[in-house]
Amino acid sequence: MAVRAQRPLIRPLVQRLHAYVPGEQPKILGLIKLNTNENPYPPSPKVLAALKAAVDGRLRLYPNPTAAALRERLAKLHRCAPENIIIGNGSDELLALATRTFVEPKDGFLISTLADGRGRSVDLVKATVQYFNPSYSLYPVLANIAGVQCNAVPLNADFTLPALGSLSKKGWDFKAALSLITTPNAPSGRGYCTAELDALCAKSRGVVVLDEAYVDFARENAMALALKHPHVLVSRTFSKAYSLCFQRVGYFVGHADLISALDKVRDSYNVNGLGQVAALATLDDLPHYRRNFRRIIATRELVTAELTGLGWAVLPSQTNFLLAKPTSFPAEEWLARLRAKKLLVRWFKYPEVRDYLRITIGSEAEMETFVRTVRQLQTAK
Ligand SMILES: Cc1ncc(COP(=O)(O)O)c(C=O)c1O
């Protein structure tokens, strides 16, 4: 049989692609899992009851294609209209949609009159996805999938946001078609000041997404900016604070023009029915979750104090995790030593954070075990 020349079945862009690496989900009996910023507490009993009640013959039907009831409830919560909200299969899906909707994969394109809303100026924006470094490591992957340029701008050495006046010098491009800002940030845990974000957004020509995945554990939130600026979107998720990683529900809030553009690009039934049920039931039980936030924040502060007392350099956190530089052993070695004791934390090999561990805040009992184990390993050195 004649040998046929190899056909390029896979796009070169995809062949070259480095996929996003999610945190491990190992099935090890007795493992304390502090590596993916999941919530240690289960969804509320009312949410579990609503889910169980929804599992019947209706599973044969398609869910509501626009998650209409959920958008209405969220609109009430955020004092806007359902047209200002789009729901996604987790906020990750919406971040990917944003790259497909707002960034044209060729060099330089004319953004329409959307940003202005009155048919006035036509601003030139660049086909670039930009973000601060370090922040959510999915962003460059999304830019690469979309085949557009990345612009990673370094944060200050202490992971604070550079002053607005110094941003251009650091390489921030106010003409980038899409800027993705994690606030509070991951993996640093640092919160950003809303007034500073407001000033940054005001200077930006392209779309700015403020990714507030961890905002329920923070002092401030920037939701008002999505309702103030026509080119700003705020991203939220039910995964972290609302214990619903498994169900995959996230949402964007912003100007109706941006939302309807995203809506054109998404899959028709992008949010599964049980996810919609769970998110709605969650919104019916917010006091339950607010108690959980307070509990996690209190544990976070206790663990920060304990680790600081052991000589670790712990960044002040506005999230449900800590970024901490350990003492006694290099961070990578701590990862292995803790794992041997059935405690799984996260270590990133990127140069900016390779000396640190990222530790999700677990339950009080889990964190007691964590601190006790750290103390033992350190004193046994
Ligand atoms: C900063 C940030 N944004 C978004 C997400 C994704 O959340 P979701 O579960 O809603 O897709 C994560 C998850 O780790 C995150 O860390």
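The values are calculated or read from the model by the stated rules, or taken from the named source; none is laboratory data. Quantities reported herein were computed from a predicted structural model and do not represent experimental measurements. Heads up, the Cβs are rebuilt from the backbone with ideal geometry, glycines too, and the neighbour counts pull from every protein chain shown. All accessible areas refer to the heavy atoms of the entire protein, side chains included, with ligands and DNA or RNA removed. Shrake-Rupley method; radii C 1.70, N 1.55, O 1.52, S 1.80 Å.
Calculated mean residue ellipticity, 222 nm, the chain: -11000 deg cm²/dmol, from DSSP H runs (n ≥ 4) at -39500 (n - 2.57) each, averaged per residue and rounded to 500. Projected label points at Glu301 and Lys169, each 7 Å from Cα along the beta carbon direction, are separated by 3.7 nanometres. Taking the Kirkwood radius as Rh and the Cα radius of gyration as Rg, the stretch 190-266 has a ratio of Rg/Rh equal to 0.98. Listed by chain and number, the lysines whose alpha-carbon sits under 29 Å from that of Lys170, ignoring those within fewer than 8 places in the same chain, are Lys106, Lys126, Lys203, Lys228, Lys325, Lys349. Charge tally for Leu138 (other residues, Cβ to Cβ under 13 Å; Lys, Arg +1; Asp, Glu -1): -3. What residues from the stretch 359-381 fall in the zone where the backbone N is under 14 Å from a label point 7 Å along the Cα-to-C-beta line of Lys341? Correct set: 366-381. Taking the accessible area of the stretch 196-309, probe 1.4 Å, and keeping the other protein chains in place, the carbon and sulfur fraction comes to 52%.
Loop-located GluC sites (Glu not before Pro) in the stretch 1-87 (DSSP state other than H, G, I, E, B) with a sparse environment of at most 11 neighbouring Cβ atoms within 10 Å are absent.
Could you work out how far apart the two model spin labels at Thr160 and Lys228 are, taking each label as a point 7 Å from the Cα in the direction of the beta carbon, and quote it in nm? Distance between label points: 2.1 nm. For the stretch 45-284, a simple Cβ point-charge model (Lys and Arg +1, Asp and Glu -1, everything else neutral) yields a dipole of about 200 debye relative to the Cα centre.
Loop-resident trypsin sites (Lys or Arg not before Pro) (DSSP state other than H, G, I, E or B) in the stretch 126-225 with no more than 14 further Cβ atoms inside 10 Å of their Cβ: Arg219. The residue among Ile361, Trp312, Leu34 whose Cα reaches farthest toward the positive pole of the charge dipole of the chain, with charges on the beta-carbon of Lys, Arg, Asp and Glu, is Leu34. In this rough spin-label picture, where each label sits 7 Å from Cα along the Cβ direction, the Leu61-Ile145 distance is 3.1 nm.
Derived from the Cα gyration tensor, the three semi-axes of the equivalent ellipsoid of the stretch 260-381 are 35, 19, 13 Å, largest first. With protein chains left intact and a 1.4 Å probe, residues in the stretch 45-284 average 42 Å² of accessible area per residue. Taking a sphere under 12 Å around the Cβ of Ile259 and counting the other residues whose Cβ falls inside, with K and R at +1 and D and E at -1, yields a net charge of 0. Equivalent ellipsoid of the stretch 140-228: semi-axes from √(5λ) of the C-alpha gyration tensor, largest first, are 19, 15, 15 Å. Report the percentage of all Cα-Cα pairs in the stretch 14-81 whose separation exceeds 13 Å, rounded to a whole percent. Result for the distance tail: 81 percent. Counting every C-alpha pair in the stretch 45-284, the share spaced more than 25 angstrom apart comes to 40%.
Backbone geometry of the stretch 89-96 corresponds, through the Karplus equation with coefficients 6.51, -1.76 and 1.60 at θ = phi - 60°, to 3J(HN,Hα) couplings of 7, x, 6, 3, 4, 6, 5, 5 Hz, x marking Gly and Pro.
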